[in-house]
1. Report the full-extension gain for the segment GLN374 to ASN403: residue separation times 0.36 nm, less the Cα-Cα distance, to one decimal in nm.
2. Find how much the distance from HIS364 to ILE204 grows on full extension, using 0.36 nm per residue of separation minus their present alpha carbon separation; answer in nm with one decimal.
3. For LYS405, give me every one of the lysines with a C-alpha distance below 24 angstrom, ignoring sequence neighbours fewer than eight places off in its own chain.
4. Which of ALA24, ALA230, ALA365 moves most in a GNM of the chain, Cα contacts under 10 Å?
5. Given the convex hull over the Cα atoms of the stretch 183-231, what projected area results after averaging over all orientations, in nm²?
6. Helix by helix through the chain, keep the DSSP H runs that span 20 Å or more along the axis on Cα and average at least -1.0 on Kyte-Doolittle, and give those back in order.
7. Below 16 Å, Cα to Cα, which lysines can LYS196 reach? Residues fewer than 8 away in the same chain don't count.
8. For the chain, what are Rg and Dmax over the alpha carbons, in angstrom?
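Computed from the coordinates by the stated procedures, all read-outs in this text should not be read as laboratory data. This is a predicted model, so every value here is computed, not measured. Every residue, glycine as well, gets a Cβ built from its backbone with ideal geometry; the counts of neighbours run over all protein chains shown.
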Amino acid sequence: MTIDEQQASVAVIGLGKIGLTLAAVFATNGYYIFGADKNKEVVASINQGKSHINNEPGLDQLVSDAVENNQMRATSDNVEAVAHSSIIVVIVPVLVDTANQIDYQMIDAVVEDIAKGIKKGSLVIFETTLPPGDTKNRFGKRIEERSGLRLGTDFYLAYSPERVYSNRIIEDLEKYPKVVGGINEKSLLLASTFYKQALNCQLIEVSSIETAEFSKVAECVYRDVNIALANELAQFADQTGVNISEVIVASNSQPYSHIHSPGIGVGGHCIPIYPYFFINKGLNQGLTPLAREVNDGMAAYAISQVKKEVGSLANRNVLILGLSYRENVKEPTKSTTLLLIDQLLNMNANVFVNDPLFSDREIHAFGVTPLSLQDKSISKIDIIILQAYHDDYKNLNFKDFTNCKLLFDGRNQLKQEDIKKHGITYQSIGQQSEKGEW
């Protein structure tokens with residue numbers, strides 16, 4: 001089945017960093033793309049040939065080329081995009097609320113729109129990470145009920161989880177095999193044929209939609225558990241005076257050891273969220289929920305270590321480096337910085353945040369004071385906590401932090417000697433020093 005035989009136009013619903021990249025790559029490989037997003041500013045930018053996503057190598061050019069060649073256009077009307085397309089790819093967020101319950105509000109609304117616009121013979125593919133069973137039982141059946149089309153006969157349904165990493169999405173789309181599951185053999189065939197042509201990647205065809213859904217959540221649980229283990233070992237290393245970074249290098253020289261790196265916490269759209277897709281469906285005991293407790297507890301652990309060194313944090317000026325959940329990505333979702341802010345404010349500390357990827361206004365919105373590293377008032381900072389190791393911090397000179405007593409390296413990335421030579425005590429996770437000395 002060729003592209004010409006399919007005469008396929010593809011609706012990509014959700015034009016965030018993954019959705020826009022998928023749309024642009026699909027267009028590059030010959031498909032006509034109707035991108036849909038509720039953000040009208042995003043739609044306007046794309047229709048001008050401009051990507052609103054930063055730090056994705058190659059994406060700007062792909063978007064520009066796709067729009068210039070009339071291979072892609074964007075709309076804020078999901079129904080319109082679906083009505084013009086024979087393949088619908090859904091990549092909108094499913095997150096958890098403050099009680100860690102799954103929030104379906106956004107994707108449920110999208111499914112209602114799909115049901116309004118879908119035509120007979122269409123293929124619907126969900127790429128959004130979902131709890132096993134949701135693609136068929138929550139969304140496929142809803143489309144069937146609302147549209148009057150029969151699932152698996154009048155329209156086809158597949159699931160293929162996104163498996164990419166920010167700042168290298170195009171590379172990962174080429175490198176990682178695409179896991180694909182379908183509601184029936186025809187759905188699997190259609191989805192597999194599409195991805196082979198649209199992404200030119202290897203496929204792993206699995207026996208069911210539920211298997212494909214399960215595989216993505218399992219990836220995230222594995223990483224969460226491994227990071228929790230690393231964090232637990234790092235805390236024990238603090239107690240025993242052992243350098244955990246050295247331990248990990250030595251241990252992982254054995255081919256069956258894959259200890260991850262410890263850190264001040266785990267953030268983003270994936271690892272701190274998707275384990276709840278299992279936990280809330282019944283996997284509520286054992287390593288999966290325990291890993292969440294350990295990793296979310298790392299902010300409190302870091303602050304406890306700081307307090308051991310400097311005492312009360314009341315009225316102390318604390319600077320957090322990095323609002324984003326990880327380096328070089330503008331994304332505050334579930335960032336450990338948010339946990340640090342809450343706890344420090346409760347201790348009556350004066351909290352400042354620096355992040356070169358965010359504006360002062362954006363930082364202010366989190367109830368803290370933005371602080372430029374060129375501002376002379378950095379001389380009044382008492383404590384620095386490194387949370388996200390952006391490239392901008394790699395050559396940071398600490399000589400102007402003349403009042404700083406302690407730097408807590410939450411990512412075990414900075415060089416102790418660069419800190420200690422300015423009279424600042426260095427702490428990190430699993431490789432602390434005593435008053436600047438080992």
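1. 8.9 nm
2. Full-extension gain reported as 53.1 nm.
3. LYS307, LYS308, LYS376, LYS380, LYS394, LYS415, LYS420, LYS421, LYS435
4. Of ALA24, ALA230, ALA365, the Gaussian network model singles out ALA365 as fluctuating most.
5. 4.2 nm²
6. Span-like helices in the chain: 185-199, 209-240.
7. LYS196 reaches LYS175, LYS178, LYS186.
8. 23.9, 72
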